[in-house]
Amino acid sequence: MAEANAPLRGAGRRRAFWASLGARALANPLLALAIIVSLGAAAALVAVLLGPAVMALVRWVARLLGWGLLLLALWGGYSVLLAKVRPARRLLNKLNLWLSGLAFTAAVWGCLAFFRPPGGLLAEATYGGYLGLAIIGAPDALGGLIVAGLVMAAVVLAAPRRSWRSARWLAPRLWRLYRRYPLHGLPFKALGGALAVGRLVLRRRRREPEETPPAAVAASDTPPSEEAPAAASVPGAAASAAAGHPPAPAAAAPQEAEAKPLRGLARALYALRSEGRPAPPPQRWVLPPLKLLDDIPEAQVSEDDNEKRARAIEEALASYGIEAKVVQINPGPAVTQFGLEPGWVRKFKQVRELGPDGRVRVDKHGRPAVHQEEVSRTRVKVDQILALDKDLALALAASSIRIEAPVPGKSVMGVEVPNPLPDIVSLRSVLEGPPFQKLHGKSRLAVALGKGAGGEPVAADLQKMPHLLIAGATGSGKSVCMNALIASILMFNNPEEVKLLLIDPKRVEMTPYGPIPHLLAPVIVDIAQVTNALKWLNHEMDGRYRKLAALGVRNVEAYNEHPAAERRLPYLIVVIDELADLMMTSPVEVERSICRLAQLSRATGIHLIVATQRPSVDVVTGLIKANFPTRISFAVASQVDSRTILDTPGAESLLGRGDMLYQPQDAAKPLRLQGCFVSDAEIERLADFWAHGQPAATLGTLPVVTTERLDLTAVAPPLPALGDSGPSGQDSDDELLEEAKVIAREHKRLSTSLLQRRLKIGYPRAARLVDLLEEEGVVGPGEPGKSREVLGGRIAAAAASEPSSQDAHGPQP
């Protein structure tokens, strides 16, 4: 037993010796100094004896580990700290954290290996040493993937359960995304295309003779269009080539100067073109810059004037016993919106004051002293403030004010007071604003409307409207608004993306747009051609629906993105400046065509912008208004007109000159805006840019513009005269028309039910046959509840009776 305890006693004695030595050194400074000098001398002796070997070892370790030596030191210190704090058994339970730490350390070590110092001890290696290079292999993309994999492994090892739950949540979503956008074929297609291009390039190189000098190889790689001028510019070059003799050096010099070798993608595209495959078409259109539009500076509104008007509003309401406070002031271009917060209706009662002795106090006049206490309070009703709009206008010396209760998105009432000097809203300022830029990134048909009552720019998407109805009295800014809408579309769309059909019965508003290539047909100023244009639009809409159904897509956007589409379908925007003139000439056909287009044309990319200066019920019928959910009303004459166009009053109190109420499709109340102003000079510059502003210096050559426009007389010819059967084959779309004519000649009156029974067809087809017979003058116009009179049968019977009467009475003298 004593022998077993001997080593323990020896270790205890050694610890006691060193402890006593340390205590003596701390107590005696001379002894401590002697110990330090002795240790330093011993270290110097070892360095002198083993210096070269030690320095070589240090350099080798530094190059091997680099700055990773600090990572090892951190690991060592952390391990010692944990060993002091926790037992070793508890450390073994966190093995995944140790492995995660090792993976993260390896990732950091690999990141250090991507950087190489310019000089010093690690110049031959990297900051991560040779060990860091061993982790990543090489400082390239593969090394980056290895580092990313180590970081991912560290995260998974640190939180395995949470990583598993995240993977289970992410996997089905990635699968759905993959199912929606299948990309499995793209790598193989890209690889196949690269291999095809490589084969073509190798094939061209094999065709070239090996002994061809570099200059000749460069000349042979140029397209024929570049070789021909060079050969033609040298006299006798063709004859020398035909005789088999090389050209003279003097003649080859210009050829080498003009011939430029194609490299990279240009060589591959030329190889594809030489094999008969079409190269990608270059961009042909240049969009107009914003500098074509005028930049009008905004006028500054005086804050003192707004504060005075705010106090005047509060005092005017207080004079009528209404408590309210102006909490917001939003200056706009035409009006300033004052955010009014309704106050309280307070009820008080008089309470007698009591003294310290409990008796009622009296004042100096001997009367009981009383004070008022608030018993209850309720909010001021909004209707009380709305009823004082004219009184507020009188107090503010304004022609009219508008009260919006409440302001959308705010808990205040908006009192809109006209500015003394209204500001002009330029189209450029709205196009440069964040709302339009954000909307333009999502839709091609983003249009600028103007600025709100608070001065904020407002833009809209014509695709979501999807049709727009504009009404306003003469001089209210209706035509300027339409010009702003057209200019917004022309600024950001080329003729291959958007086509316009402009109908201008006034003959002066839209004629400046005549030379632009966006027009589907010349500007229509003849009302007789409007019906034909609307009929063509209905036929075009039906044809587009057939194309969409053939590819199984739902709208024109999906059709244009479909790989099997023959060609892209442009958007068609129909602009009608005056609906009242059309409704006066042919109300039934115009209303039927416009309503059918408004109901069905959204998915086909056809959008309508219709304007009128007389928003009465006979022009803006209930059927038209129901199919135009988005509307704009400028200043109108009466409240009845405002209700006709917006279903709410308010437009009769607008200021004019661009002041409008905008009723979006998804808003419960109209918004007050100041419309954009577009001058005639801006329109001329924009039209001139599209007509002549595609410079050859920008694109190399003028773009190939398709100038074919719609011939309205060929689309739907006018109706023939009464009794005229029309040109042959005009109604050849229905093969039963001739049989219907035979049946009509056999009877004096014709009805749809008779054609149904005799031809064994349905009602729609029979009704269409009757309409065709009416157009050819075979039957007369229809009357409710009665059959039609056969005009052709009566004429044929009269013609057949004439020869018999001549035979009976003989020839006339």
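The values are calculated or read from the model by the stated rules, or taken from the named source; none is laboratory data. Nothing here was measured: the structure is a model prediction, and the numbers come from that model. Cβ atoms come from the backbone with ideal geometry, glycine included; neighbour counts cover every protein chain shown.
A few remarks follow.
- Cβ-Cβ distances below 9 Å connect the following pairs, each with a first residue in the range 375-386 that is under 18 Å from Ser319 (Cβ atoms), a second residue that is hydroxyl-bearing (Ser, Thr, Tyr), and a separation of six or more residues or different chains: Gln384/Tyr320.
- Of all residues making up the range 619-636, the number that are at pLDDT below 90 and among the aliphatic types (A, V, I, L, M): 5
- Any hit, the range 665-672, residues being farther than 30 Å from Arg568 by Cβ and touching a helix residue (DSSP H, G or I) at 6+ places or on another chain (Cβ under 9 Å): yes
- When Lys786 is tested against (1) of a type in the set (D, E, K, R); (2) crowded, with 18+ Cβ neighbours inside 10 Å; (3) part of a loop (DSSP other than H, G, I, E, B), just one condition goes unmet, and that condition is (2).
- When Ala154, Ala106, Ala167 are checked against the criterion of being surrounded by 15 or more Cβ atoms within 10 Å (Cβ to Cβ), modelled with pLDDT of 80 or more and farther than 22 Å from Arg63 by Cα, a single residue qualifies: Ala154.
- Hey, Ala487 over 13 Å from the mean Cα position of the chain (by Cα) and surrounded by 22 or more Cβ atoms within 10 Å (Cβ to Cβ) or not: yes
- Residue in the range 427-441 that is surrounded by fewer than 17 Cβ atoms within 10 Å (Cβ to Cβ), hydroxyl-bearing (Ser, Thr, Tyr) and outside the structural domain of Leu673 (by TED's automatic domain parsing) present: no
- Complete set of residues in the range 303-346 that are in a strand (DSSP E or B) and farther than 13 Å from Ala453 by Cα: Ala324, Lys325, Val326, Val327, Leu340, Glu341, Pro342, Trp344, Val345, Arg346
- With a requirement of 1 or more residues that are outside the structural domain of Tyr662 (by TED's automatic domain parsing), the strands (runs of 3 or more DSSP E) lying completely within the range 445-554 that satisfy it span 446-452, 457-461.
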